Amino acid sequence: MSGLTIQVNQLTETPQRFELQGGSAWWNEARDQLQEPQVPLKRAWIAPVDAYRIGARLIVRGRLSGVAELQCGRCMSNYAFLVDEALELLLEPAGSADSIPEEGIELDPEDLGIGRYAGDELHFGPVFLEILALAWPMQPRCSEGCQGLCPRCGFDRNQGSCDCDQASTSRPFAALGKLLDRARKR
């Protein structure tokens, strides 16, 4: 099965394999929600999952993987951002509004890890989006050791060193140092 849905009536007590896929059409909508409207998809978001039921509860386990092309925040070069994250859900049927008492319900610690489902199909678009939002880098970097660009000439320091005089580069807090020196002399 491809797409982002699983029909609830297909699930039995025997685990079944489903191939969930968020392709280009889904990504065009999802990247706006991630506030990354220009990020191209290099490899579709795919999650092979095993899904089954235990009574009325549903269990879904697998991994979400895919590749997007990000721009490094230091050197501005494009790089492949690989996502490979676990996808694990424990779902139970959502009660109707009539079955919830006015004072609400009390949750046990075990209940905090349980999601709810209603209807005849499970849609995994929001699940994919949540996993991606948590895995997405706040400051994209092509590598941990990225040297970035020279602030004077813009040369990519990962490619070597530039001809700028490093010694004459002003320190950002040099003026504060001068003020501190004056205060000490008084």
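The values are calculated or read from the model by the stated rules, or taken from the named source; none is laboratory data. Computed from a predicted model, the values in this text were never measured in an experiment. Positions of Cβ are backbone-derived with ideal geometry, glycine not excepted, and every protein chain shown enters the neighbour counts. These area figures cover heavy atoms from the full protein model, side chains too; ligands, DNA and RNA do not enter into them. Shrake-Rupley method; radii C 1.70, N 1.55, O 1.52, S 1.80 Å.
Rundown of residues vs (1) more than 14 Å from residue 132 (Cα to Cα); (2) among the aromatic types (Phe, Trp, Tyr); (3) buried (at least 17 other Cβ atoms within 10 Å of the Cβ), yes/no style:
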position	(1), (2), (3)
42	yes, no, no
47	no, no, yes
55	yes, no, no
59	yes, no, no
66	no, no, yes
70	no, no, yes
76	yes, no, no
80	yes, no, no
91	yes, no, yes
Among the numbered conditions (1) at pLDDT below 75; (2) open to solvent by less than 90 Å² (accessible area, probe 1.4 Å), tell me where residue 172 comes up short.
(2)
Which of the residues that make up the range 147-165 are in a loop (DSSP other than H, G, I, E, B) and touching a Gly at 6+ places or on another chain (Cβ under 9 Å)?
148, 162
Count - residues of the range 4-55 that are farther than 22 Å from residue 136 by Cα, outside any strand (DSSP E or B) and of a type outside the set (A, V, I, L, M):
7
Residue among 41, 34 that alone is modelled with pLDDT under 90 and at negative phi:
34
